[in-house]
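Engineer: Quick one: the structure is below, questions incoming.
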Amino acid sequence: MIYSARQAVEDAGSNSSSRMNALARIAFDKHLSDARKHVVGAMKAQAAFWEALQSPRPNIGAMHIILKVMHSSMEASERAFKGLLAINNSSLMVLRMVSYCVAFSVLYVYASACQS
């Protein structure tokens, strides 16, 4: 029931003139799943980065690897968000996720700048 209501709202805001077709729905759900997975991966990498910084003698090599993981996760999430917005650029759920990701990426850029 909840999925049907969400699907109806997403279909109403899709970029096509009518409801989202089955292929667009599958692509939308795939991009949504990918975006969530990669944002969570980036957040976990950021937590690992800050945990590594708390060490009395931080391992710069390990922190560099963690930042690479965070960077690749952020790039992958951005690709997924672009796909989502191409299918439905008025989805409130997607716009909220994008704004959350942008706020997170500000922290990521700050962490990267501190690393330099």
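All of the numbers you see were taken from the coordinates with simple rules; none came from a lab. Just so it is clear, the structure is predicted and the values come from calculations on it, not from any experiment. Glycine gets a Cβ as well: all are built from the backbone with ideal geometry, and neighbour counts include every protein chain shown.
Engineer: Sort Lys68, Lys44 by Cβ crowding within 10 Å, fewest neighbours at the top.
Structural biologist: Least to most surrounded, the residues fall as Lys68, Lys44.
Engineer: Report the extension gain between Arg36 and Trp50 in nm, rounded to one decimal, defined as 0.36 nm multiplied by the number of residues separating them, less their alpha carbon distance.
Structural biologist: 2.9 nm
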